C-alpha cells in the first residue's frame, strides 16, 4: 500500500514507531547575510526541526505550531469518537516539512462476487513549512488493486475533500471543532459504501464499458477528438496517448471482471487504478510525490470528479 511506502506501522509507542518523536521551534528572527551586510527581520521566522536543526519553512509572526505529539493526540481523540477507528500508521514527507497520520476503520465488502474489500481511512496531515494547513481527509484503500479514493464530506459543487485549519489564531478551539466535525466520518463511510455497492450492482456490456472509458478520459484527462476529426500532428499524438491509456483501463478491467463481474464499479476502479499507478512521477522522492498526488493533489481531485460523473451517468 502506498501509505506504507512513505510511513510506518504504529505498534506500542506511536511517536517513536512512526519516526515522529521530534519537535519544532520558531526562530526569534530571520537573519539574511549578504555580500555587504547582515539583514534581520522579526516579520518572518523559521520553523526549525530541533533534532536535526533543519529549517523546514519560513512563516509569519503569527504562525502557530502544531507539534507531532499534538497531531497524535488529535488522532487518538477522533478515534475515541468511533469505536471502529484506530491509529494505524504515520509518516513524514520532505524530511518532516509535512507529517501525516492514518486512522483505520473496519473493512467493508463491495458487491456479491469475489472478495472485493474496501478499508476506510481517516488521513490527517500537518505542515511545518508554512505552506500546508492542519487537515483531515476521509479516504479509502482497496486492496484488490491497491487503489485509494478520498471520500468527500460533501458532494457536487460544494464538494469538500477535507477539513483544513490554518496555523493562526486560537488553534485549540479550531482543533476541538475539527474533532467534532469528524464525527461525520462514519456517515460518510456508510454513504460511500452505498455508492460502491450501487455501482457494483450495475452490469455493463462491452460497448457500455468502451463508451465509459472514452468519456472518462475526456472528463478527467483531456477532451480528445475522434480519429476521423484529427486535423494535425498534435491532435494525432493526443489521440494515440488516449488510446494507449484506455488500453491500460481495459487490461485492469478484464483482469478484475473475471472474479468480480462486468460492472460499473470494476470499470470505475480500472480508471482510478491508472490514476494511482499508471502515471509517472519525477525527482528523487517519487514515492512521496505519488503519495501527495493520490491523497491531496491532482489525482485525488480527478478521482472525486470521476466518482461524481460515474454515479450520474451509469
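The values are calculated or read from the model by the stated rules, or taken from the named source; none is laboratory data. Remember, predicted model here, so these are calculated numbers, not experimental data. Every residue, glycine as well, gets a Cβ built from its backbone with ideal geometry; the counts of neighbours run over all protein chains shown.
Take the residues of the range 165-184 that are at pLDDT below 80 and touching a strand residue (DSSP E or B) at 6+ places or on another chain (Cβ under 7 Å): which is nearest to residue 303 (Cα to Cα)?
Going through the qualifying residues, I end up with 182.
Please go through the range 28-55 and pick out each residue that is touching a residue at least 24 places away in the same chain (Cβ under 8 Å), farther than 18 Å from residue 132 by Cβ and in contact with a strand residue (DSSP E or B) (Cβ under 8 Å, 6 or more places away or on another chain).
Those that are touching a residue at least 24 places away in the same chain (Cβ under 8 Å), farther than 18 Å from residue 132 by Cβ and in contact with a strand residue (DSSP E or B) (Cβ under 8 Å, 6 or more places away or on another chain): 30, 50.
Kindly indicate which of 8, 12 is at pLDDT below 90, within 18 Å of residue 93 (Cβ to Cβ) and either in a strand (DSSP E or B) or out of contact with any strand residue (DSSP E or B) (no Cβ under 8 Å at 6 or more places or on another chain) (or both).
Going through 8, 12 in turn, the sole match is 8.
Counting only residues that are surrounded by fewer than 19 Cβ atoms within 10 Å (Cβ to Cβ) and over 18 Å from residue 108 (Cβ atoms), which one in the range 138-164 is modelled with the highest pLDDT?
164
So residue 273 passes all but one of these: (1) modelled with pLDDT of 95 or more; (2) under 22 Å from residue 117 (Cα atoms). Which condition number does it fail?
It fails just one condition, (1).
Go through (1) surrounded by fewer than 17 Cβ atoms within 10 Å (Cβ to Cβ); (2) at pLDDT below 85; (3) out of contact with any strand residue (DSSP E or B) (no Cβ under 6 Å at 6 or more places or on another chain) for residue 78 and report which single condition fails.
(1)
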